[in-house]
Each structure stands twice: as C-alpha cells, then as structure tokens.
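Structure first, then comments.
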Amino acid sequence: MCARHLPAQLFVDQSGTPEGLFQLLDNALAAGAQSVFVLAADANGFTPSQLDKHLQTFPIPIFGGIFPEIIANGEILQRGSIVCGLPMLSEVYHIEHLSDPDEDYFQAAEALSALIPPHSTLVTLVDGLSKRIAALLEGIYEVFGDSCQYIGGGAGSLSFKPKPCLLSNQGLRVDCAQIIAIQQPLNLGIEHGWHKFAGPFFVTGAYENTITTIDYQSAFEIYRQVVEADSGKRFQDVEFFDLAKSYPFGLERLNGDVVVRDPLFNNDNKLTCVGEVPANHIIYILKGEADDLLAASRTCAATAMQVQAPPLLALLFDCISRTLFLETRFAEEINNIHAPLPENVPLVGALSLGEIADAGHTCLEFFNKTIVLGIITQTESTLA
Amino acid sequence: MNPTLELVSVQYALALLIGQDLDLRIMLRKFLPPALKLLNCRSGYIWLHQSIAQKNQDNASAPPPCYSYPSLRGTLETDLPHLATQVQHFAKQDWFIKKPGEIISIQGSYYHFMPIGDNGLLVLVRDPPLPNTYMLALGLVLKRLETACLACLQHAYLEEARKEALQAKEMAEKASKAKSEFLAMISHEIRTPMNGIIGLTDLMLYSEVSASQREHLGMIKSSSNALLDIINEILDFSRIEAGTLTLSNTPFQLRPLLQDTFTPLALRAQSKHLMFQWEIAADIPDTLEGDEGRLRQVMINLVGNAIKFTERGEVNVTISLQSGAPNGQVCVQFAVRDTGIGIPPDKQANIFQPFQQADSSITRRYGGTGLGLTISSQLITMMGGRLRLASDTGEGSIFYFNVPFTVATQPPPSAKPTQQPLQRTERPLNILLAEDNAINRMLAVRLLNKAGHHVKVAENGQEALHAWEQTRPDVILMDVQMPIMDGLEATTRIRSQEQNQQLTHTPIIALTANAMNSDREQCLAAGMDNFLSKPFNVQDLLEVLKHSCPST
C-alpha cells in the first residue's frame with residue numbers, strides 16, 4: 001500500500017458532504033495516488049444515489065467504508081470524510097452474501113488464493129451488521145492461514161440498521177466483505193481491557209450472531225439478572241445498549257483469555273451480538289473499568305510499535321462501544337495510541353462495529369470492544 | 001475460573017463439537033477450527049491411518065493430512081517440511097506415540113502430537129505448550145473423535161456401496177426398459193400381420209365357403225388366436241416388469257364368470273378323457289368387485305396347465321370362503337388340483353420365475369412360453385394374494401391362492417352382447433381410414449363395407465389431413481405409426497384447425513398395433529377420442545364406431 005519514498009497522504013474533509021468527499025478524491029488523484037482508501041462518518045448520511053455515479057467513474061481503485069466515527073491522526077471526526085491516497089495500485093476483492101446461512105466462504109476464499117500472493121497483508125473490511133462474519137474469517141484463514149497477516153473491522157451504523165456501508169468502484173455495498181491485499185508487513189497490537197465478571201455460563205442455544213438460551217434458560221433473563229444486580233439500573237428504564245455497552249460477553253479461550261462479543265439488542269428474549277456466538281460454548285459476562293481500558297490502549301500501542309522496520313502508516317480499528325463506555329475519556333485512548341507514533345507516520349482509523357486481527361499465535365478472530373492497531377512498515381527491499 | 005471447572009468445561013465444549021456430520025471432512029471442519037480457537041492454537045492437522053492405508057502411501061514421503069486448519073497451499077513437504085519429517089518418522093514406527101502425546105518444538109512453535117485412539121494422529125500447534133493435564137483431558141475427547149471418524153469412514157463406504165448399487169439398479173432398469181420397448185416393438189410387428197390374418201379369416205368365414213374350407217378357416221383362426229395368446233402373454237409380462245400394468249376394480253358376477261371360463265376348458269379336458277369338476281361354495285356372494293378379466297386369465301392359466309400336464313385322472317377346481325376378512329370384504333380361496341406329473345420339490349422354488357418350467361424336456365413335450373405361471377403369480381400378488389403350490393412328483397399338484405374381494409353393493413353392468421353375425425348398420429357412416437398397411441387397409445374397407453359403411457382411405461397422416469379438409473368424414477379411423485406424417489401429428493393438426501376455425505369435432509379412433517398403456521395415453525393426449533388395438537374384433541370395431549358417432 002505504501003511504496004518507497006512516497007508515503008500515504010491523508011486528505012480530510014469535515015463538511016461531511018458528498019461534494020467534500022469528491023473534492024478529496026480529486027485532490028488525491030492530483031497528488032498522484034494510484035489507489036485510495038476512504039473512511040466516511042455515518043453522520044454524513046451518504047447514500048448510493050449520492051455516491052455511486054461518482055464512485056463508478058472514479059479512474060483508480062477505491063475501497064473503504066462508512067463507520068460510526070473516523071480518526072485522522074489524533075482527531076476523532078463524527079462527521080466528515082478521510083481519503084488516504086496510496087502511491088500504488090491496490091487489488092480489491094469482494095465476498096458477497098455475508099448473512100446467508102448456506103454460503104460456504106471457503107469456496108469464495110479459495111477462488112482468491114491464486115490472485116493473492118503468500119505473505120500479503122490482507123486489509124479486511126466487512127459490513128459489521130452481517131450475520132456470518134466469523135464464518136467468513138474462518139474460511140479466509142482456512143485458505144490463507146498464517147502465510148498472510150490480517151487487519152480490519154466492521155463498517156456500518158450505530159443505528160444498527162443494515163445499509164450500504166462499503167465503498168467500491170461499483171458503488172456502495174451492503175452485506176459483503178472487502179479484501180485488499182498489500183505487500184508491506186504489518187505489526188499488530190490487540191487489546192481490550194475487559195475482565196471476567198460473572199460466569200462461566202454455557203451457551204445452550206445460538207444461531208449466527210444471536211444467543212437464544214444460556215444454561216437452558218432465556219438468554220436475556222440470565223443476562224438481565226446479572227447486569228441489573230450489578231448496575232442498579234433496569235433494562236425497562238433505559239435503551240438496551242445504553243446498559244449493555246458496559247457488560248459485554250466473553251467467549252472463553254484456554255488459559256483465561258476471552259474474545260469479546262457486544263450484545264446489541266434484545267429481540268424477544270434473544271440477544272443479538274456483533275459477530276457469531278457458537279452454541280455449546282462457554283461464555284462470561286465481562287465488565288470494564290475506564291482505567292483498565294485506557295491501560296489496554298497504551299499496551300496496544302506499545303506492542304504494535306515493536307517494529308523491525310521503519311513504520312509507514314498506522315491503521316486503527318477501535319470499537320465504537322469503547323467511546324460509548326469511556327465517553328469523554330475516549331480522547332485519552334486515541335491520544336494513548338497516537339502519541340507513541342513517530343511524527344511522520346500518519347494514523348488513520350475508524351471506530352468500528354467489530355474488529356479483525358490475527359494475534360499471531362492463534363487463529364484469525366473477529367473481536368468486539370477491542371482496539372486493533374496495525375503498523376504497516378517498509379519491506380526489506382524498501383529498506384535496501 | 002476454578003482449574004477443575006475450566007478443564008471440564010473445555011472438555012464438554014470440545015466433546016459437543018464432535019460428530020456433527022456423517023461426512024468426514026464436514027465433521028472435522030465443524031470440529032477442528034472451533035476447537036483450535038477454544039484451545040488458543042494456531043493450527044491443527046489430522047491423519048487417519050485407514051485413509052492413509054487406502055491411498056497406498058509409500059514411505060518415501062509423508063502422508064498428507066486428511067484435514068488441516070488452515071489448509072495446505074502446497075504439499076506437506078513444501079509448506080511444513082519439519083512437520084513432514086516428524087510425521088514420516090511416526091508413520092515409520094507404525095504411528096506409535098507416547099500417551100497422552102508428545103510435544104516437540106519446531107522452529108519456535110510447540111507441535112503437540114496426540115493419538116486419535118488407535119486410528120489417527122492430531123497435531124496441534126500452540127505457543128505456549130498445553131499443560132499435561134489438558135493433554136490427558138484431550139485424550140478422552142480424542143477417543144470420541146476416533147469413533148466419530150470411524151463412523152464417517154464406514155458411512156462413506158456404505159454410501160459408496162449404495163451409489164454403486166443404485167447405478168447397477170439404474171443400468172438394470174434401463175436394460176429392462178429397453179427390453180420392454182423391444183417387446184412392444186416386436187409385438188407391434190407381429191400384431192400388424194396378425195390383424196390381417198385374423199380379419200381376413202373372419203371375412204372369409206362371413207362369406208359362402210364349403211364345409212372343408214370352413215373347417216380349415218376355423219383351424220387358421222384357432223392357430224392365430226393361439227399365437228395371439230402367446231404375444232399377449234409376452235406383452236403382459238413386459239407390462240408387469242415395467243410396472244405399467246394396472247388392475248381394474250369393477251363389480252362382476254363370479255359364478256357366470258367361472259361358468260364362461262370353465263366351459264371351453266371342460267371341453268379340452270374331455271378331449272383328453274380327463275374328469276373335470278368345479279365347485280363353488282354356496283356362501284360366496286354373487287357379486288364382487290375386482291378385475292374380472294385378470295381373474296379369468298389366471299384361472300385359464302392354472303386350469304389350462306392342469307389339463308396340459310395331466311395324462312389321466314382328473315382336474316378339480318374348488319372355490320371356497322376363508323375366514324378373517326374385514327367387514328364388507330370376503331376372502332376367496334381358489335384351488336386347482338390335478339393328478340398330473342407333479343413338480344419335484346427342488347424345482348418348486350423356481351416355478352414362478354419367468355421362462356422356467358420344471359424341466360426343459362417339458363418345454364419340448366408340452367410347449368408354452370414359460371411365462372403363464374409368472375404372470376398368474378404376479379397378477380394374484382397385485383390382487384392382494386399369493387399363489388402357492390403343493391406337489392409331489394407323479395402325484396399331481398395343487399395350485400391355490402386366497403384373494404380378498406370387496407362385496408359389491410352395485411350390480412355389475414349388463415353383460416356384453418354375445419357374438420353376433422355381422423349385420424348391416426342402420427346408420428351408414430362416411431369413414432376416413434388412415435392405414436399404411438395395404439392388407440389391413442383392404443381388410444378394414446371390406447369389413448366396414450360389409451357392415452354398410454362408406455370408406456375413404458388415406459395411406460399416411462398427411463393424406464388423412466388432406467382428405468379430412470376436403471370431405472369432412474363422420475369419423476376417422478387413424479393408424480398411429482405411418483410414414484410421412486404419423487397419426488398423432490395428423491390428429492393434433494386436425495384438432496388445431498377445428499379449434500382455430502370453430503369447426504365441428506370429428507371423432508378420431510386410434511387403430512394401432514401398439515398395445516401398451518402409454519400408447520393409449522399418447523393417443524388420447526393428441527386429441528383422439530377412442531382407442532382400439534390391433535388385431536381387433538370386428539364387433540368391437542363396430543361397437544366403438546357406434547359409441548363414437550351416436551345418431552343425432
């Protein structure tokens with residue numbers, strides 16, 4: 001994505017208008033970009049009718065997404081657009097039907113294996129409200145395994161209403177995944193800072209991203225009892241996510257680790273999450289303290305910055321629900337991530353609906369409520 | 001979490017991932033990736049000894065895993081050469097691995113080599129290595145995995161066998177269909193000239209002939225009918241084999257039926273100086289529901305055989321009521337006993353098989369197709385009974401069967417008129433006859449003229465269509481298989497013109513040597529009104545004409 005001597009260039013528009021975005025795209029073209037990575041804020045209210053015509057006639061590869069909020073260097077934008085002009089062509093691939101229960105993503109990933117060389121970094125963007133993101137990642141990892149590195153996140157809206165949220169040369173897309181292969185290596189930090197609070201429980205009934213029963217009882221009822229007892233608040237008095245954002249689920253991993261799952265809403269006593277929850281799995285209800293979460297962001301930046309080669313670009317996918325939880329202190333989190341970066345390394349990122357990363361010693365996972373920071377560095381040939 | 005609880009809960013979750021499908025690859029795919037995530041592993045590889053043995057792997061290279069997550073992009077040697085070496089090492093020592101498993105550090109990662117019972121190997125790649133307690137706990141899970149894998153392999157084997165059996169069945173069915181089609185075709189080829197022979201014989205019998213000529217003509221007719229019986233037997237058999245034979249279920253009177261059936265048989269017995277007796281129990285209802293024609297066919301076959309294979313003594317038929325029939329039904333037993341040559345016990349099992357007679361010398365001595373008993377047995381089965389046999393060599397045989405009948409509440413339709421001499425019709429019709437065979441054409445024209453009808457002929461469908469356009473006949477007798485344009489297409493065109501030009505409907509009667517049910521359906525589907533198979537009885541033809549063209 002970033003070639004020798006020509007770093008990525010960031011162009012930022014704070015108006016949030018289609019014209020503002022089109023101007024940035026023209027600027028990137030004029031600056032010699034070979035392909036562009038676009039991040040747009042959901043509050044812009046972009047629709048296919050506003051963007052598609054322009055995207056379809058744009059002369060170079062374009063990819064990216066509409067996220068609840070976006071980040072340019074240390075700044076969080078609730079409205080506006082960021083265009084990251086890249087000094088090289090990018091190959092952009094799509095895998096469709098991300099909520100179809102019958103789709104076999106292994107086949108789709110297999111079809112890409114001849115096109116994507118080994119040791120690529122795969123920037124993977126998904127419609128964050130799709131129902132089978134974990135299955136997609138399982139298919140991608142089954143094909144590419146540890147020969148590639150992975151980073152990405154879920155686009156979409158905090159209204160939790162599915163709508164076109166991935167930008168491409170074909171226009172805005174919904175319920176699909178976008179895979180961009182780049183040849184520069186990646187160094188990752190993955191942290192969340194949440195800790196086990198109640199459990200273990202067994203997920204006794206679940207399909208796709210919905211938990212129906214926990215310990216053979218209504219999933220919501222079990223969850224409600226724990227959360228209401230701890231918070232002193234009642235679900236009937238508040239919006240579900242206002243309370244649930246502080247009590248995510250954790251999927252058990254051996255030796256104490258958990259993978260976080262954000263419960264989004266209560267649907268007839270069933271809990272729908274961002275990303276799948278497998279049946280017959282052990283889960284916990286997690287809880288976080290602001291200081292723990294902020295400590296996690298410092299650890300994340302420190303881990304990601306342990307690079308072997310000069311960094312070119314910092315790519316951040318930070319869960320939107322962390323801003324909802326940390327509220328005013330969220331600026332500290334972004335600062336914790338931005339501050340350790342060298343001045344000449346741009347930070348571009350999104351507050352996402354779910355995060356994608358390969359921790360290096362486990363399989364590829366879809367995370368929630370997590371910070372994923374990737375430092376893209378120069379290759380050895382670039383250094384030479 | 002409490003370590004014990006953690007151990008048990010991981011074991012529980014892993015155990016529930018096993019055996020979610022009977023397809024080996026799908027089952028392993030539903031097990032391994034989530035298991036690796038749960039155990040915080042980077043990758044996993046599974047070998048099953050049975051699969052390796054089946055692929056006849058030599059020892060020169062490491063056998064590929066039967067499933068791995070992630071999948072290999074190349075071979076095991078190219079992707080993971082160190083693992084390949086290690087696996088080859090285990091393969092050479094007959095897959096012996098120390099329990100609960102061996103952990104080997106390869107290029108900074110810990111490879112856990114764990115036996116899947118006695119039938120496979122699981123390799124987990126994890127950093128840091130699994131504690132020993134987990135290795136032991138996993139051993140139990142892997143025993144269950146072994147069972148699931150063996151079940152999948154067994155299932156695959158059975159599926160393969162099932163597919164092969166299905167293929168063999170399909171091929172046999174194709175062959176059987178080809179045979180049925182061949183029989184139908186041959187039957188058509190024989191029926192066409194037979195129609196000429198029988199029809200012309202009939203025609204001559206209606207004319208002035210000398211006594212000796214009448215006797216000779218009678219013999220020709222009887223021989224032709226015997227030949228027709230053989231063809232009908234072959235046709236029946238092919239219909240039964242093809243599953244296209246269906247039974248009718250209409251009210252009929254049992255006693256008159258038996259009387260009609262046995263009268264000519266009694267004459268045949270008498271000519272061999274055999275005593276023939278039949279007796280029907282008084283408590284059997286007069287009117288039953290069933291297939292009268294097929295019951296007659298069975299009785300003719302069984303009694304006919306009894307007379308054929310008996311040189312002296314008697315043939316008895318007993319019809320009695322059996323108990324146990326549900327309300328509204330009766331169970332009737334038919335038993336045919338003879339004092340003939342009998343059937344040796346070792347031949348009795350095959351006697352109902354097609355083309356079988358007890359002894360090949362019997363075929364030479366008595367003749368017959370060898371299909372009669374097979375057809376009777378199948379017909380009785382279709383009626384809900386079973387044909388049985390009790391026999392001793394030289395002591396005679398008893399063929400008997402029980403058949404359930406519904407007791408009819410409606411009287412049977414009035415009996416068919418008996419054979420009448422050919423009479424001139426009161427209502428002459430203008431008939432268009434489409435027939436490509438010159439003899440049959442001449443025969444039909446003569447018979448119809450004799451009956452007082454006017455006949456115009458066409459030699460193919462196209463001529464028939466043209467003649468219909470020109471003359472508008474009262475009725476068309478249409479052969480089906482004709483050159484240039486067949487009868488089906490001619491009918492379709494006539495019906496289409498009638499519809500487009502709002503013309504009066506001309507009745508079309510198929511006259512064809514094709515006698516299969518499907519032929520009748522094809523004719524009716526093409527728009528024909530009735531169907532008569534050749535060789536036809538002249539009275540039947542006149543009846544059909546009368547029925548198709550009622551006087552207005």
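The values are calculated or read from the model by the stated rules, or taken from the named source; none is laboratory data. Just so you know, these numbers come straight off a predicted model, no measurement behind them. As a convention, Cβ positions derive from the backbone with ideal geometry for all residues, glycine included, and neighbour counts pool all protein chains shown. Each accessible area value is taken on the protein alone, full model and side chains, heavy atoms only, with ligands, DNA and RNA left out. Shrake-Rupley method; radii C 1.70, N 1.55, O 1.52, S 1.80 Å.
Table for the structure above
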quantity	calculated
Calculated from backbone phi, Karplus (6.51, -1.76, 1.60) coupling profile of region A:232-247 in Hz, x at Gly/Pro	x, 10, 10, 4, 5, 9, 9, 5, 3, 6, 4, 8, 5, 4, 9, 9
Long-range HN-HN contacts of A:His281 with modeled amide H, under 5 Å	A:Val203
Environment charge at A:Cys148 (Cβ cut-off 13 Å; Lys +1, Arg +1, Asp -1, Glu -1)	-2
Three semi-axes of the equivalent ellipsoid, chain B, Cα gyration tensor, whole Å, largest first	74, 34, 23
Residue-by-residue Karplus 3J(HN,Hα) for region A:308-317, coefficients 6.51, -1.76, 1.60, Hz, glycine and proline x	8, 9, x, x, 10, 7, 9, 10, 10, 10
Solvent-accessible ranking of B:Glu395, B:Glu159, A:Glu252, B:Glu6, largest area first, probe 1.4 Å	B:Glu395, B:Glu159, B:Glu6, A:Glu252
Nearest-20 debye value, chain B charge dipole, Cβ charges on Lys, Arg, Asp, Glu	760 debye
Summed residue charge, Cβ within 11 Å of A:His195's Cβ, Lys/Arg positive, Asp/Glu negative	0
Reciprocal of mean inverse Cα separation for region A:120-272 (Kirkwood radius, Å)	17.6 Å
Amide proton proximity set for B:Ala325, modelled H, under 5 Å, gap of 5+	B:Cys331
Under-5 Å amide H pairs with A:Leu312, H placed in peptide plane, nonlocal only	A:Ile376, A:Thr377, A:Gln378
Heavy-atom accessible area per residue - region B:430-548, 1.4 Å, Å²	45 Å²
Share of Cα-Cα pairs in region A:1-160 lying beyond 24 Å, as whole percent	39 percent
FRET efficiency, B:Ala282 to B:Lys450 (Cβ-Cβ, R0 51 Å, nearest 0.05)	0.60
Translational diffusion of region A:197-287, µm² s⁻¹ [Kirkwood Rh, Cα pairs; Stokes-Einstein; 10 °C; 1.306 mPa s]	124 µm²/s
In the B-A interface, the accessible area buried, summed over both sides, Å² (probe 1.4 Å)	2900 Å²
For chain B, the longest site-free run once trypsin sites (Lys or Arg not before Pro) in DSSP loop states with at most 16 other Cβ atoms within 10 Å are removed	B:99-271
Rounded to 5, the percent of DSSP beta bridges in chain B classed as antiparallel	70 percent
GluC sites (Glu not before Pro) within region A:301-376, DSSP loop, no more than 13 other Cβ atoms inside 10 Å	A:Glu343
Whole-Å semi-axes of region B:3-163's equivalent ellipsoid (Cα gyration tensor)	23, 21, 14
Spin-label proximity, A:Ser231 to region A:313-351 - amide N less than 17 Å from point 7 Å beyond Cα toward beta carbon	A:320-328
Reduction of at least 30 Å² in accessible surface, 1.4 Å probe, comparing all protein chains with the chain by itself, residues of region A:106-135	A:Phe106
Unit charges at the beta carbon, dipole of region B:154-303: most positive-side option, B:Ala226, B:Ala211, B:Leu302	B:Ala211
Relative contact order (%) - criterion: Cα under 8 Å, at least six apart; region: region B:173-242	56 percent
Centroid-to-centroid separation of region B:105-163 and region B:15-42 [C-alpha atoms, Å]	10 Å
Relative contact order (%) - criterion: Cα under 8 Å, at least six apart; region: chain A	20 percent
Mean Cα-pair separation over length for chain B, i.e. relative contact order, pairs under 8 Å, 6 or more apart, %	10 percent
1.4 Å probe, heavy atoms, protein only - residues of region A:266-293 losing at least 30 Å² accessible area vs chain alone	A:Asn280, A:Ile282
Three-way shape call for region B:430-548 based on the alpha-carbon gyration tensor, with the a/c threshold at 1.5	rounded
Chain B: calculated mean residue ellipticity at 222 nm from DSSP helix runs of at least 4, using -39500 (n - 2.57)	-16500 deg cm²/dmol
Three-way shape label, region B:454-521, alpha-carbon gyration tensor, a/c 1.5	prolate
Relative pair counts by distance (%), Cα atoms of region A:192-244, 10 Å bins	21, 49, 30, 0
For the protein assembly as shown, convex hull volume per residue from C-alpha positions, Å³	302 Å³
Of A:Leu115, A:Leu293, A:Leu373, the one that fluctuates the most in a GNM where chain A has Cα springs shorter than 10 Å	A:Leu115
From phi via Karplus (6.51, -1.76, 1.60), per-residue ³J(HN,Hα) for region B:185-190 in Hz, x at Gly/Pro	5, 4, 4, 4, 5, 7
Relative frequency of Cα-Cα separations exceeding 18 Å in region B:208-357, percent	69 percent
